[in-house]
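Data first, discussion second: the structure below is written as C-alpha cells.
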Amino acid sequence: MAEVDLQTFEYETPEINRKGQLVGLQKLSNQLFLEPLDSKQVLNMVAVPSSQSRVRWVHSKHRNFAQARHTSAPAFFISQCPITQAQWAAVAALPKVKRELDPAPSHFQGSRRPVESISWVEAVEFCTRLSHLTGRTYRLPTEAQWEQACRAGSHTPFHTGATITSEWADYVGTYTFAGEAAGTYRRQTLDVGSFAPNAFGLHDMHGNVWEWCADRWQRTDARNTLAQRSIRGGGWLDPPERLRSTSRSGYDPNALNRTIGFRVMTVLS
C-alpha cells in the first residue's frame, strides 16, 4: 500500500438566504490526497473530519428523510466528486473480481460527467477493484458518512443555507424550495465540479446524480424494502426538496437508472 501525500487545497463556498441571494463566499482550505487509477486518471480523496452527527430515518406518506439523533462519526476520506465516466473506464479496465463492468454504461456521455446507469453491485465491484489496485480498502459510504460529508458542519436544509438555486446545483430549477426565484432545468447531468463546493471542498453533494450508499434502505412503515440500497443527494431530474441533506430514497441494487451514480470513501490507518 503506497503512502499518501496529503496536500492542502483552497476554495470558496457560498451561503445563500431564503430568497436565493448570495450572502457571501467563505474562503476555506482542507486536505486531500491523489489516488492514481492509471497513467491519466486520478481520484481526489478529500478529508472529512470526525463529528457528532444527528441522524434518524423517518418515513411519511410523501417523503423519506432523516431527522435528529446523535451518532458518533469518525474521520475518513471521500472522493471530491461523483465518480466520472473516465474514472469508471479506468477501473473497468482492471481485472475482474466478481463481475464484468461495461466501460461506457452512461446515458449522458462525457468523460467528466458522472458515471450513471450503473447498479449498486457494479459500484461495489468498482470499489473492490480499486481496493486491489491500491492496497487500501475502498467502499461506498454509509448514509451517515454521506450526510456527514454533505453537511460539512451545516445544520440547514442544504449546505448552501436555507435554500438552493440552479446557480449552485443541477436539478429541476423551475421548482422552488423557499422564497427563491425559479431557475433553470438543464434536463441532463453536467460535468462534475461545475458548481462551487461545500465547506469541506466537496462538489455535487446536491443534485447532478443520486449516489449509492452502502446501507440497506430502512423504512419505518410495513413495506419490506430491505432488498433495496440507499441513495442520497438527489439528481438532475428532481425538485429541490429531494436534494436536501436529509433527503433519502432506495433502489434495487441490480437495477440501472440514469439519475444514479456514486462516490467512494476510505480510511487511512
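Atom-type composition of the exposed protein surface of the chain places 49 percent of the accessible area on carbon and sulfur (1.4 angstrom probe). From helices alone, the chain scores -3500 deg cm²/dmol at 222 nm; the rule is -39500 (n - 2.57) for each run of n ≥ 4 DSSP H residues, then divide by the residue total.
For the peptides 200-212, 129-141, the ranking by packing is 200-212, 129-141, with the highest mean count of neighbouring Cβ atoms within 10 Å listed first. Put simply, the amide H of Ala255, placed in the peptide plane, has neighbours under 5 Å in Trp120, leaving out anything fewer than 5 places away on its chain. Scanning residues 5 or more positions from Tyr138 or on other chains, those with amide H under 5 Å from its amide H are Ser131, with H placed 1.01 Å from N in the peptide plane.
The values are calculated or read from the model by the stated rules, or taken from the named source; none is laboratory data. Keep in mind the model is a prediction, meaning the values are calculated, not measured. All Cβ positions, even for glycine, are placed from backbone atoms using ideal geometry, and neighbour counts span all protein chains on display. We work out accessible area using only protein heavy atoms, side chains counted, and drop any ligands, DNA or RNA first. Shrake-Rupley method; radii C 1.70, N 1.55, O 1.52, S 1.80 Å.
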